[in-house]
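The values are calculated or read from the model by the stated rules, or taken from the named source; none is laboratory data. If you're wondering where the values come from, they're calculated on a predicted model, not measured in any experiment. Here Cβ is always computed from backbone atoms with ideal geometry, including for glycine, and neighbour counts include all displayed protein chains. The accessibility values were calculated without ligands, DNA or RNA, using every heavy atom of the protein model including side chains. Shrake-Rupley method; radii C 1.70, N 1.55, O 1.52, S 1.80 Å.
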Amino acid sequence: MNEQQKPSKDKEIAKDPVPFPDEVIHLEETMQKLDTALKRAEEDVSRIDTEYRDSKRYMAEYRGEIDPHEMFQNELLLRQTDRTGAFAVSVRDRLAKLKKSPYFARIDFQEESKEADRLYIGRFTFRFEEEMLVIDWRAPAAGMFYDYEPGPAGYDAPTGRIDGKLIRKRQFKIKDGIMEYALESASHIQDDILQRELSHTSDERMKSIISTIQKEQNQIIRSENTGTMIIQGAAGSGKTSVALHRIAFLLYRFRNQLNSQNVAIISPNKVFGDYISGVIPELGEEPVYELSFPDIAEIQLQNTLRFEPDKDPLESEDRAWAQRVLFKSTAGFVRLMNTFMETLPERIFSPADYTFGRFNADKSWIQKRFLAYKAYPVKQRLAMTAEDIRSHFESGNIMGDPLPGKRQILKALTSMLTVKTPISLYQYFYKSIGKPELLCLPAKKTLEWADVFPFLYLNSEFEGLKESRSTKHLVIDEMQDYTPIQYAVINKIFPCRKTILGDFGQLLNPNHSHTLNDLLDLYTDARFTELKKSYRSTYEIITFAKRILNTDSPEPIERHGDAPDVIYCGSKEEELREISKAIQDFYHSGHTSMGIILKTNRDARELFDMLPPKPEVHLITPESSCFQNGVSVISVQMSKGLEFDEVIIPDTDQSRYFTDYDRNLLYIACTRAMHRLTLLYTKELSALIPDKTA
Ligand SMILES: Nc1ncnc2c1ncn2[C@@H]1O[C@H](COP(=O)(O)OP(=O)(O)OP(=O)(O)O)[C@@H](O)[C@H]1O
């Protein structure tokens with residue numbers, strides 16, 4: 001970063017980085033206490049470890065001689081020691097992390113008619129010999145740091161609302177136990193610190209933002225009583241960060257009801273999953289379960305059917321396929337399926353009398369029983385009806401005659417179904433709506449990706465779906481990528497609270513036509529919020545990207561950098577030379593990541609194959625599983641959610657980018673850049689790209 005880009009406050013900070021001698025002393029004292037606490041914690045860990053090993057050795061040596069009761073007691077004890085050990089390790093690890101940076105803020109809060117409290121806020125609580133030295137950023141009182149400037153303030157404590165006055169607000173940057181700077185907060189200071197944080201180079205993993213969470217973000221993170229939340233946020237507005245911090249907050253706030261195993265995140269691909277995987281552990285919580293829509297499909301289909309991976313709509317010329325996908329992507333399609341499913345059980349079950357020896361259940365009685373179980377899927381209703389028939393026969397069996405088994409009855413009832421299998425039912429659905437051509441099975445027992453969730457939805461009424469009982473909170477990122485029918489299935493599998501986030505400005509599938517309103521219609525009770533300020537990119541990059549999308553949003557942050565470069569290359573060879581030169585320059589730039597973003601996965605592979613092989617240059621494909629620093633050659637689709645210090649977008653010609661969807665693609669690609677953006681073209685620049693001079 002050149003000097004011009006640095007926030008002006010930097011120079012001021014450099015002159016007198018820590019103008020408060022009392023804070024230097026306080027930090028020294030805290031560090032000493034942390035040292036002592038860490039030493040004690042290490043001793044605890046090694047003592048428990050020794051106890052555990054000794055007990056294990058004793059049990060192994062005397063296995064034959066110890067009586068079973070004592071053995072059982074020993075095993076219980078061992079398990080208990082194991083748990084205590086794990087706890088001691090987590091305490092030690094937290095203290096070790098705190099030693100690097102014990103806190104990032106101090107607030108002095110005076111409750112009405114009481115003395116002012118001095119609260120230091122950090123990543124975790126640190127209590128030393130009954131003295132509270134650092135409070136967790138998620139503690140109720142810590143919320144005031146994000147929500148208020150000095151003046152009247154308050155917070156909701158477990159005991160009720162506490163009001164008072166915020167007398168002082170200081171912010172610190174402590175690295176490896178050393179205070180780099182300290183600032184007394186006036187309203188503009190927070191922005192300066194935020195700018196310093198945002199000016200940094202990128203990292204392989206997304207990082208926590210606890211020291212600079214903004215007020216509007218904090219309100220989302222800390223909202224406790226909302227059921228489902230939907231967050232529409234502009235590119236770089238911190239949606240993903242906010243969602244992850246919200247999970248950490250909920251795990252802290254509802255510690256007794258919610259643990260990390262109760263939270264799941266649906267992310268678009270494994271690279272993104274890897275990129276965000278560090279945030280929650282960095283905040284001191286166990287990692288949460290990450291899965292994708294294909295993972296969910298596999299769990300639900302359980303090898304009974306296969307499915308083809310989704311095709312890249314930008315690479316396929318298959319119009320009929322595109323029509324099928326489009327049809328199944330609308331909210332109207334869910335309504336169509338709902339109407340079909342309302343009458344489905346009666347339509348496909350045509351009962352006949354069931355007779356076994358002198359026992360008989362007549363068809364109207366069977367029908368009545370079947371209808372009584374309305375809340376259940378057809379197959380389960382049949383099983384329950386079979387049980388009823390069996391009980392009905394048993395009650396009239398005073399002579400003790402042999403009776404049919406439940407399975408035998410169920411077999412007979414199943415033969416009364418006019419449609420026997422889920423796949424034939426799915427075919428029947430398309431026939432019944434008069435559009436059999438909209439179902440295409442690419443191979444035996446194989447679905448197209450666009451059919452997987454409609455099939456599951458229908459099957460929820462026939463065989464039922466496997467509901468996730470352990471998930472109590474589900475996060476869905478990149479909400480705009482999923483169709484209403486996918487949400488309809490998710491609601492059945494995960495009937496829990498949700499945080500759903502994304503940006504409908506980043507819709508990139510030309511065969512999808514659903515809107516934000518369709519999503520809101522599916523969650524009428526949800527709280528909806530918008531994040532409009534963009535934090536990732538410089539003012540110049542965001543202003544440029546907004547002109548591509550023709551929109552007022554996002555609002556850029558006042559962090560300045562170079563204007564984006566739009567470079568004409570006379571030929572493909574020259575473009576390649578330009579890219580190779582940019583890669584060379586990147587190595588000396590001090591930046592850590594560069595994204596070369598192409599329109600499709602195929603384009604990304606082709607360019608990668610043309611570049612001279614270098615260990616620091618990676619190709620990211622839909623099959624990749626991790627994100628690394630260095631140079632990534634990547635498609636727009638795979639770059640979603642990621643960020644790079646520098647971005648190069650080759651091939652920005654009119655022949656490549658000309659539709660409204662291309663507009664979104666360019667917008668997504670541009671907004672991946674934090675500090676520098678370059679667009680290359682070889683013939684005629686895409687008309688979607690603003691004239692640099694305008
Ligand atoms: N309050 C903040 N303090 C510091 N950095 C922030 C803050 N909010 C967001 N950021 C940074 O801005 C960048 C974008 O954040 P994030 O990826 O969460 O945004 P997003 O809205 O999910 O983006 P997109 O939809 O474009 O992928 C990240 O580097 C994040 O650390």
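Here are a few things to note about the model shown:
- A simple packing score, the average count of other Cβ atoms within 10 Å per residue, orders the peptides 98-105, 31-38 as 98-105, 31-38, with the highest score first.
- Given +1 at the Cβ of Lys and Arg, -1 at the Cβ of Asp and Glu and no other charges, the dipole of the chain around its Cα centre is 2220 debye to the nearest 20.
- Amide H contacts under 5 Å for Ser686, placed H, 5+ residues apart: Asp653, Gln654
- Average 1/r across all pairs of distinct alpha carbons in region 21-198, invert it, and you get the Kirkwood radius: 19.1 Å.
- In whole angstrom, region 579-673 maps to an equivalent ellipsoid with semi-axes of 20, 14, 14, each derived as √(5λ) from the alpha carbon gyration tensor and ordered largest first.
- In a DSSP loop and with at most 13 other Cβ atoms within 10 Å, the trypsin sites (Lys or Arg not before Pro) in region 400-467 are Lys420, Lys444, Lys445, Lys466.
- Loop-located trypsin sites (Lys or Arg not before Pro) in region 239-284, at most 14 other Cβ atoms within 10 Å (DSSP): Arg255
- Top positive-direction residue, dipole computed over region 328-422 with Cβ charges, set Ile366, Ala352, Val378: Val378
- Considering only alpha-carbon pairs that sit under 8 angstrom and 6 or more positions apart, the relative contact order computed for the chain is 14 percent.
- Basic side chains Lys and Arg get +1 at the Cβ, acidic Asp and Glu get -1 at the Cβ, and with that the dipole of region 443-513 about its Cα centre reaches some 360 debye.
- Sparsely packed loop sites in region 480-556 (the trypsin sites (Lys or Arg not before Pro) outside DSSP H, G, I, E and B with at most 14 other Cβ atoms within 10 Å) comprise Lys532.
- Beta bridges by DSSP in the chain, antiparallel share as percent, to the nearest 5: 45 percent
- With the simple spin-label model, which puts each label point 7 Å out from Cα in the Cβ direction, the Glu684 to Asn360 separation comes to 8.3 nm.
- Debye log10 I(q)/I(0) for the chain, one point scatterer per Cα, at q = 0.06, 0.08, 0.11 Å⁻¹: -0.47, -0.79, -1.21
- A Cβ-based charge dipole, computed about the Cα centre of region 539-681 with Lys and Arg at +1 and Asp and Glu at -1, lands at about 220 debye.
- Taking every alpha-carbon pair in region 368-426 and binning the separations at 10 Å intervals from zero gives 22, 46, 24, 7, 1 percent.
- Signed unit charges on C-beta, dipole axis of the chain, positive-most listed residue Gln506, Ser593, Ser391: Ser391
- Chain lengthening between Asp401 and Asp54 when straightened (0.36 nm per residue, less Cα-Cα): 118.5 nm
- Here's the picture: a label point sits 7 Å out from the Cα of Glu463 along the beta-carbon direction, and within region 390-424 the residues with their amide nitrogen under 11 Å of it are 421-424.
- Take every pair of alpha-carbon atoms less than 8 Å apart whose residues are at least six positions apart; their mean separation over the length of region 532-599 yields a relative contact order of 27 percent.
- Close Lys pairs in region 18-162, defined as Cα atoms under 23 Å apart and 8 or more places apart or on different chains, number 6.
- A straight chain from Leu441 to Arg168 at 0.36 nm per residue would run longer than the Cα-Cα distance by 91.6 nm.
- Förster radius 41 Å - calculated FRET efficiency between Ser260 and Glu149, Cβ distance, rounded to 0.05: 0.75
- Here's the picture: charge each Lys and Arg Cβ at +1 and each Asp and Glu Cβ at -1 in the chain, and of Leu283, Pro422, Thr201 the one pushed furthest to the positive end of that dipole is Pro422.
- On region 297-412, 52 percent of the accessible area sits on carbon and sulfur atoms, based on a 1.4 Å probe.
- Counting only protein heavy atoms and a 1.4 Å probe, region 33-192 has 57 square angstrom of accessible area per residue.
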